[in-house]
Amino acid sequence: MKKYDVVIVGGGIAGSVAARYLAKGGINVLFVESGITPRDKPCSAIQFMYFQKLIGKKIPKERLCTNPITRLYLERPNGESMKVPFKMLNFTRDVFDDWLNKIAVEEGAKFRDGVRCDGFKRTEKGYIVSLHPKHQETEKVETRYLIAADGLSSSIKKKIRPQDFQEKKPGITLNYYLKCENDGGLDPNALYQFWNLDFSNLMFAWTYKKNDLWVVGTGHDNDVKGHCDDLLKYVKNKFNFDGEIVKREGYGSKFCLKDPNHTYLGEGNLLFIGDAAGLVEMYRGLGMDAAALSARRVAKAIINAEKSNKTALELYEKSMRKIIKKMNKNAERSLIYIKTNEELLRYLKKNFLKMGMKTFFGNLLNNFRSAEKLKLLPA
Ligand SMILES: Cc1cc2nc3c(=O)[nH]c(=O)nc-3n(C[C@H](O)[C@H](O)[C@H](O)COP(=O)(O)OP(=O)(O)OC[C@H]3O[C@@H](n4cnc5c(N)ncnc54)[C@H](O)[C@@H]3O)c2cc1C
């Protein structure tokens, strides 16, 4: 049986970043991805520039969309809007994650795609993990640490904490991709945010361009399709824009997390990172930065545990304490508690400027902070 120090399940952002930093630290690490890469992943894939510090590399131009995001368009429920200059990263997850996989391998991590982890057993020394390559027999490997980086519907988490999941809801986020003759009145370098409960009650509904396709999408805890259809009608009408839907993607798996802000970092030498740890936030609408951050911290914890009297889990939990506290605070501020557009308008009038300033200055200060000290935004 093959032996590793660490086996990581999932070759998304969390899995690839953890593999890269573990390999850099001289750890014998294997990461497996059930999809054949480059694999698609439902995601708007927009991030603050500081994300590059978290992954530890500047993203090459050819791994980004051809249209950079340089402006934010913010619209309130009464239709009032403003455009502000703001640079953000814009990429697609197939192209981007494939690059992350490759740079982890360059650093010395072993990677296998098309391989699903379909079970694990705890032993005295660590874990025996079952790996199932597509169309082949299941194999077993031995590892001291097992890292679950298998996303929001983590099968590893379901196995040990089924109580954290509930039966499927129709879905909470949905993106329509449209092929259009022209952009109409839409700006291909802007990220449109529509703060309006008619479209989204999780945060804002969004529109942006990715290469040659326009994306119109939203998040809603009830009838996400109906709300996305209404948004599409609104955008088409307001921006004199038309096009044909060529792709739909959304998050709606067999199970969904009961409380998206319920975090769980692990037990024994089984450690959870990224969405599998519950680190995606409805309040911020983002999760890739927290996935990369948790990946760096788990790698550091494992490396440091080798020369400490503390366990990797203790070190990892300590390093994540502040960020989890902030996430729980954010969960309490979620728009889900706002019931009418009048209430939302009052909320935005009171908080919008404060939120904007905090994000603007937080973003500015992040330029000078080390990756370890970065503040996740919007604050
Ligand atoms: C519609 C939508 C829009 C979003 N937009 C944004 C955004 O604009 N910006 C942002 O920051 N975040 C966004 N997010 C959140 C973001 O996608 C996640 O937070 C991020 O992908 C988490 O990374 P991860 O590595 O933890 O998990 P994932 O990216 O989900 O990776 C998990 C990987 O594990 C693999 N896997 C699963 N099970 C197994 C198994 N048993 N064996 C082997 N491999 C397995 C999966 O195939 C997958 O590749 C969005 C999410 C959704 C759904």
Taking only pairs six or more apart or across chains, which ones have beta-carbon atoms under 6 Å, a first residue in the range 232-252 that is assigned by TED's automatic domain parsing to the domain that holds PRO77, and a second residue that is modelled with pLDDT of 95 or more and aliphatic (A, V, I, L, M)?
LEU232/VAL216; VAL235/VAL216; PHE239/LEU186; PHE241/LEU186; GLY243/LEU178; ILE245/LEU178
From the list LEU377, LEU365, LEU271, exactly one residue is among the aliphatic types (A, V, I, L, M) and assigned to a helix (DSSP H, G or I). Which is it?
LEU365
Quick check: anything in the range 335-343 of a type in the set (Lys, Arg) and either assigned to a helix (DSSP H, G or I) or modelled with pLDDT of 90 or more (or both)?
no
Quickly run through the range 218-230 and pick out the residues that are in a strand (DSSP E or B) and at pLDDT 95 or above.
none
Out of all the residues in the range 262-275, which are at pLDDT below 95 and under 13 Å from the mean Cα position of the chain (by Cα)?
ASP275
What residue, among those in the range 113-140 that are in contact (Cβ under 8 Å) with a residue 40 or more places away in the chain and not in a strand (DSSP E or B), is nearest to GLY35 (Cα to Cα)?
GLY114
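Residue by residue, here is whether (1) within 20 Å of the chain's Cα centre (by Cα); (2) outside any loop (DSSP other than H, G, I, E, B); (3) hydroxyl-bearing (Ser, Thr, Tyr) holds:
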residue	(1), (2), (3)
ASN175	yes, yes, no
ASP187	no, no, no
GLN193	yes, yes, no
PHE199	no, no, no
LEU202	yes, no, no
TRP206	yes, yes, no
VAL215	yes, yes, no
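Matching residues to (1) near the ligand (Cβ under 10 Å from one of its atoms); (2) free of Cβ contacts under 8 Å to residues at least 12 places away in the same chain; (3) of a type in the set (Phe, Trp, Tyr):
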site	(1), (2), (3)
LEU270	no, no, no
ILE273	yes, no, no
GLU281	yes, no, no
GLY287	yes, no, no
LEU293	no, no, no
LYS300	no, no, no
ASN304	no, yes, no
SER308	no, yes, no
List pairs: first in the range 43-62 and at positive phi, second part of a loop (DSSP other than H, G, I, E, B) and within 14 Å of the ligand (Cβ to nearest atom), Cβ under 7 Å, 6+ apart or cross-chain?
ALA45/PHE91; ALA45/THR92
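Here is a yes/no grid of residues against (1) surrounded by fewer than 17 Cβ atoms within 10 Å (Cβ to Cβ); (2) closer than 13 Å to ALA299 by Cα; (3) out of contact with any Phe, Trp or Tyr (no Cβ under 9 Å at 6 or more places or on another chain):
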| position | (1), (2), (3) |
| --- | --- |
| GLY15 | no, yes, no |
| GLY26 | yes, yes, yes |
| GLN47 | no, no, no |
| THR66 | yes, no, yes |
Specify the residue that is surrounded by the fewest Cβ atoms within 10 Å (Cβ to Cβ); the eligible residues are those in the range 331-379 that are touching a Pro at 6+ places or on another chain (Cβ under 7 Å) and within 14 Å of PRO77 (Cα to Cα).
ASN341
Return only the number of the condition from (1) farther than 24 Å from SER154 by Cα; (2) assigned to a strand (DSSP E or B) that GLY250 does not satisfy.
(1)
How do the helices (runs of 4 or more DSSP H) wholly within the range 1-112 filter down when requiring 3 or more residues that are near the ligand (Cβ under 10 Å from one of its atoms): which remain?
13-24, 93-106
Considering LYS233, LYS238, LYS209, which residue is in contact with a Pro (Cβ under 8 Å, 6 or more places away or on another chain) and either hydroxyl-bearing (Ser, Thr, Tyr) or modelled with pLDDT of 95 or more (or both)?
LYS209
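So that you can scan it fast, the table gives a plain yes or no per residue for (1) touching a Ser or Thr at 6+ places or on another chain (Cβ under 7 Å); (2) within 11 Å of the ligand (Cβ to nearest atom); (3) β-branched (Val, Ile, Thr); (4) modelled with pLDDT of 95 or more:
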| site | (1), (2), (3), (4) |
| --- | --- |
| SER130 | yes, yes, no, yes |
| HIS135 | no, no, no, no |
| LEU146 | no, no, no, yes |
| ASP150 | no, yes, no, yes |
| SER153 | yes, yes, no, no |
| PHE165 | no, no, no, no |
| PRO170 | no, no, no, no |
For the condition among the β-branched types (Val, Ile, Thr) and either closer than 30 Å to HIS227 by Cβ or not assigned by TED's automatic domain parsing to the domain that holds ASP40 (or both), what is the one hit in VAL95, VAL105, VAL129, VAL115?
VAL95
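The values are calculated or read from the model by the stated rules, or taken from the named source; none is laboratory data. Since the structure is predicted, the reported quantities are computational estimates derived from the model, not experimental observations. Cβ coordinates were reconstructed from backbone atoms using ideal geometry, including for glycine residues, and neighbour counts include every protein chain displayed.
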